[in-house]
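One structure is given here, and the rest of the page talks about it.
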Amino acid sequence: MLQWEYMEKVAQAGGAPVLLPPIPEVVESVMEKADALLLSGGPDVAPARYGEEPGPDTKPPRLFRDDSEFAALRLAEERGLPVLGICRGLQIMCIARGGRLHQHLPEHGPTVLGTYEPREIQIKPDSRLGGILGLSPTVYCHHHQGVAEIGAGMVATAWADDGIIEGAEEEDPDAPFRVGIQAHGELGDSTMPLFRALVEAASAGKRG
(Lines give C-alpha, C1' and ligand atoms only; values in the text may rest on other atoms or scores of the structure.)
Protein backbone atom coordinates (compact mmCIF):
# COMPACT_ATOMS: atom_id res chain seq x y z
CA MET A 1 0.00 0.00 0.00
CA LEU A 2 1.30 3.46 -0.88
CA GLN A 3 2.12 5.56 2.15
CA TRP A 4 -0.15 8.53 2.71
CA GLU A 5 2.83 10.88 2.83
CA TYR A 6 3.49 10.58 -0.91
CA MET A 7 -0.03 11.67 -1.83
CA GLU A 8 0.00 14.41 0.78
CA LYS A 9 3.26 15.86 -0.57
CA VAL A 10 1.97 15.87 -4.15
CA ALA A 11 -1.25 17.58 -3.05
CA GLN A 12 0.65 20.15 -0.98
CA ALA A 13 2.75 20.90 -4.06
CA GLY A 14 -0.41 21.68 -6.03
CA GLY A 15 -0.84 18.38 -7.84
CA ALA A 16 -3.74 15.95 -7.90
CA PRO A 17 -2.36 12.50 -6.99
CA VAL A 18 -3.81 9.52 -8.86
CA LEU A 19 -2.85 6.03 -7.75
CA LEU A 20 -1.46 3.66 -10.37
CA PRO A 21 -2.78 0.15 -9.58
CA PRO A 22 -0.05 -2.51 -9.72
CA ILE A 23 -1.97 -4.28 -12.47
CA PRO A 24 0.01 -4.40 -15.73
CA GLU A 25 -3.16 -4.61 -17.84
CA VAL A 26 -4.40 -1.16 -16.77
CA VAL A 27 -1.12 0.77 -16.75
CA GLU A 28 -1.47 2.10 -20.29
CA SER A 29 -4.98 3.46 -19.78
CA VAL A 30 -3.97 5.23 -16.56
CA MET A 31 -0.78 6.67 -18.04
CA GLU A 32 -2.70 8.09 -21.01
CA LYS A 33 -4.29 10.55 -18.57
CA ALA A 34 -1.19 11.24 -16.44
CA ASP A 35 0.83 14.47 -16.52
CA ALA A 36 3.78 13.05 -14.54
CA LEU A 37 4.96 9.89 -12.82
CA LEU A 38 6.08 9.41 -9.22
CA LEU A 39 7.78 6.08 -8.49
CA SER A 40 7.71 5.45 -4.76
CA GLY A 41 9.65 3.35 -2.29
CA GLY A 42 8.75 -0.28 -1.79
CA PRO A 43 10.00 -3.88 -1.90
CA ASP A 44 13.20 -5.12 -3.54
CA VAL A 45 13.20 -5.17 -7.33
CA ALA A 46 13.64 -8.65 -8.85
CA PRO A 47 17.40 -9.09 -9.47
CA ALA A 48 16.58 -10.78 -12.79
CA ARG A 49 15.75 -7.29 -14.04
CA TYR A 50 19.45 -6.47 -13.90
CA GLY A 51 20.78 -9.90 -14.80
CA GLU A 52 21.58 -11.30 -11.35
CA GLU A 53 20.41 -14.09 -9.09
CA PRO A 54 18.87 -13.10 -5.74
CA GLY A 55 21.37 -12.77 -2.91
CA PRO A 56 20.71 -14.27 0.54
CA ASP A 57 19.47 -10.93 1.91
CA THR A 58 17.31 -9.94 -1.06
CA LYS A 59 13.61 -10.04 -0.25
CA PRO A 60 11.13 -11.85 -2.55
CA PRO A 61 10.02 -9.49 -5.32
CA ARG A 62 6.47 -8.50 -6.13
CA LEU A 63 6.62 -9.18 -9.83
CA PHE A 64 3.25 -7.60 -10.63
CA ARG A 65 4.48 -4.32 -9.16
CA ASP A 66 7.81 -4.57 -11.00
CA ASP A 67 5.98 -5.18 -14.28
CA SER A 68 3.56 -2.30 -13.72
CA GLU A 69 6.16 0.26 -12.72
CA PHE A 70 8.67 -0.54 -15.46
CA ALA A 71 5.81 -0.32 -17.97
CA ALA A 72 4.66 3.01 -16.52
CA LEU A 73 8.20 4.40 -16.69
CA ARG A 74 8.56 3.32 -20.31
CA LEU A 75 5.29 5.04 -21.22
CA ALA A 76 6.25 8.19 -19.30
CA GLU A 77 9.56 8.41 -21.13
CA GLU A 78 7.90 7.81 -24.50
CA ARG A 79 5.51 10.69 -23.81
CA GLY A 80 8.19 12.98 -22.38
CA LEU A 81 6.50 13.17 -18.97
CA PRO A 82 8.36 14.34 -15.86
CA VAL A 83 9.43 11.50 -13.54
CA LEU A 84 10.41 11.57 -9.87
CA GLY A 85 11.82 8.38 -8.35
CA ILE A 86 12.07 7.91 -4.59
CA CYS A 87 14.09 5.07 -3.03
CA ARG A 88 12.97 2.03 -5.04
CA GLY A 89 11.81 4.51 -7.67
CA LEU A 90 15.37 5.72 -8.24
CA GLN A 91 16.49 2.11 -8.53
CA ILE A 92 13.84 1.37 -11.17
CA MET A 93 14.89 4.42 -13.17
CA CYS A 94 18.50 3.22 -13.22
CA ILE A 95 17.71 -0.46 -13.90
CA ALA A 96 15.49 0.56 -16.82
CA ARG A 97 18.56 2.17 -18.41
CA GLY A 98 20.73 -0.92 -17.92
CA GLY A 99 22.00 -0.15 -14.42
CA ARG A 100 22.26 -2.56 -11.52
CA LEU A 101 21.98 -2.60 -7.73
CA HIS A 102 23.98 -3.46 -4.67
CA GLN A 103 21.68 -6.18 -3.34
CA HIS A 104 22.65 -5.66 0.29
CA LEU A 105 24.42 -2.87 2.12
CA PRO A 106 24.59 -3.99 5.75
CA GLU A 107 26.84 -1.12 6.82
CA HIS A 108 24.72 1.52 5.09
CA GLY A 109 21.23 0.78 6.35
CA PRO A 110 19.58 2.03 9.55
CA THR A 111 21.17 0.97 12.80
CA VAL A 112 17.71 0.17 14.18
CA LEU A 113 15.55 -1.93 11.87
CA GLY A 114 12.39 -0.18 10.77
CA THR A 115 13.60 3.35 11.50
CA TYR A 116 14.19 6.25 9.15
CA GLU A 117 17.44 7.95 10.07
CA PRO A 118 18.29 11.56 9.22
CA ARG A 119 21.43 11.71 7.10
CA GLU A 120 23.20 14.55 5.33
CA ILE A 121 23.95 13.86 1.69
CA GLN A 122 26.21 15.74 -0.71
CA ILE A 123 24.75 16.87 -4.03
CA LYS A 124 26.63 17.83 -7.18
CA PRO A 125 26.58 21.64 -7.45
CA ASP A 126 25.67 21.96 -11.15
CA SER A 127 22.92 19.32 -11.05
CA ARG A 128 19.18 19.73 -11.34
CA LEU A 129 18.83 17.98 -7.97
CA GLY A 130 21.27 20.44 -6.38
CA GLY A 131 19.33 23.36 -7.77
CA ILE A 132 16.19 22.00 -6.12
CA LEU A 133 17.44 20.78 -2.73
CA GLY A 134 20.71 22.62 -2.21
CA LEU A 135 24.08 20.95 -1.80
CA SER A 136 23.92 19.34 1.68
CA PRO A 137 20.31 18.58 2.64
CA THR A 138 19.41 16.35 5.57
CA VAL A 139 17.12 13.56 4.38
CA TYR A 140 15.57 10.41 5.84
CA CYS A 141 17.12 7.10 4.80
CA HIS A 142 15.93 3.52 5.14
CA HIS A 143 17.28 1.13 2.54
CA HIS A 144 19.40 -2.00 2.46
CA GLN A 145 19.99 -1.80 -1.29
CA GLY A 146 21.46 0.90 -3.49
CA VAL A 147 22.44 1.79 -7.02
CA ALA A 148 25.73 0.20 -8.11
CA GLU A 149 25.67 1.30 -11.76
CA ILE A 150 23.57 4.20 -13.00
CA GLY A 151 22.62 3.15 -16.52
CA ALA A 152 22.75 4.82 -19.92
CA GLY A 153 21.84 8.49 -20.15
CA MET A 154 21.72 8.97 -16.37
CA VAL A 155 24.33 10.56 -14.11
CA ALA A 156 24.89 10.29 -10.35
CA THR A 157 24.26 13.58 -8.58
CA ALA A 158 24.25 12.79 -4.84
CA TRP A 159 26.23 10.61 -2.46
CA ALA A 160 26.21 9.55 1.19
CA ASP A 161 29.39 9.93 3.24
CA ASP A 162 30.21 6.27 2.57
CA GLY A 163 30.12 6.82 -1.20
CA ILE A 164 26.75 5.18 -1.86
CA ILE A 165 24.81 6.89 -4.65
CA GLU A 166 21.89 8.86 -3.20
CA GLY A 167 20.62 10.63 -6.31
CA ALA A 168 20.64 10.55 -10.11
CA GLU A 169 19.09 12.36 -13.03
CA GLU A 170 19.11 12.65 -16.81
CA GLU A 171 22.61 13.44 -18.06
CA ASP A 172 21.24 15.84 -20.69
CA PRO A 173 20.28 19.07 -18.87
CA ASP A 174 17.76 19.85 -21.61
CA ALA A 175 15.94 16.52 -21.22
CA PRO A 176 12.56 16.33 -19.48
CA PHE A 177 12.53 16.35 -15.67
CA ARG A 178 13.69 12.90 -14.57
CA VAL A 179 15.19 12.96 -11.09
CA GLY A 180 15.65 10.22 -8.50
CA ILE A 181 16.68 10.25 -4.86
CA GLN A 182 17.48 7.22 -2.72
CA ALA A 183 16.25 8.79 0.51
CA HIS A 184 12.61 8.75 1.53
CA GLY A 185 11.61 12.11 0.12
CA GLU A 186 8.06 11.70 1.35
CA LEU A 187 9.31 12.25 4.92
CA GLY A 188 10.30 15.59 6.42
CA ASP A 189 10.26 19.07 4.94
CA SER A 190 13.69 19.29 3.30
CA THR A 191 12.56 17.37 0.20
CA MET A 192 9.30 19.24 -0.34
CA PRO A 193 10.92 21.27 -3.17
CA LEU A 194 11.26 18.01 -5.15
CA PHE A 195 7.50 17.56 -5.22
CA ARG A 196 6.97 21.18 -6.18
CA ALA A 197 9.50 20.77 -9.00
CA LEU A 198 7.66 17.67 -10.26
CA VAL A 199 4.29 19.44 -10.26
CA GLU A 200 5.78 22.54 -11.91
CA ALA A 201 7.33 20.37 -14.64
CA ALA A 202 3.98 18.62 -15.18
CA SER A 203 2.18 21.96 -15.41
CA ALA A 204 4.74 23.29 -17.88
CA GLY A 205 4.27 20.18 -20.01
CA LYS A 206 0.51 20.74 -20.13
CA ARG A 207 0.99 24.39 -21.12
CA GLY A 208 3.50 23.36 -23.80
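The values are calculated or read from the model by the stated rules, or taken from the named source; none is laboratory data. It should be emphasised that the depicted structure is a prediction, and the values quoted were computed from it without experimental measurement. Backbone-built Cβ (ideal geometry, glycine too); neighbour counts: all protein chains shown.
Some notes on this structure:
Here's the yes/no breakdown for (1) more than 16 Å from the chain's Cα centre (by Cα); (2) assigned to a loop (DSSP other than H, G, I, E, B):
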position	(1), (2)
T157	no, no
G163	yes, yes
E166	no, no
V179	no, no
A183	no, yes
D189	yes, yes
R196	no, no
V199	no, no
A204	yes, no
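- Any chance G146 is small (G, A, S), at pLDDT below 90 and surrounded by 13 or more Cβ atoms within 10 Å (Cβ to Cβ): no
- Cβ-Cβ under 7 Å pairs, at least 6 apart or on other chains, the stretch 48-70 side touching a residue at least 40 places away in the same chain (Cβ under 8 Å), far side outside any loop (DSSP other than H, G, I, E, B) and among the hydrophobic types (A, V, I, L, M, F, W, C): R49/I95; Y50/I95; Y50/L101; S68/V27; E69/L39; E69/I92
- For the residues L129, L135, the requirement of being within 22 Å of Y6 (Cα to Cα) and surrounded by 13 or more Cβ atoms within 10 Å (Cβ to Cβ) singles out L129.
- Residue in the stretch 103-118 that is within 24 Å of A152 (Cβ to Cβ) and buried (at least 20 other Cβ atoms within 10 Å of the Cβ) present: yes
- Filter result (more than 16 Å from D189 (Cα to Cα) and assigned to a strand (DSSP E or B)) within the stretch 115-135: Q122, I123
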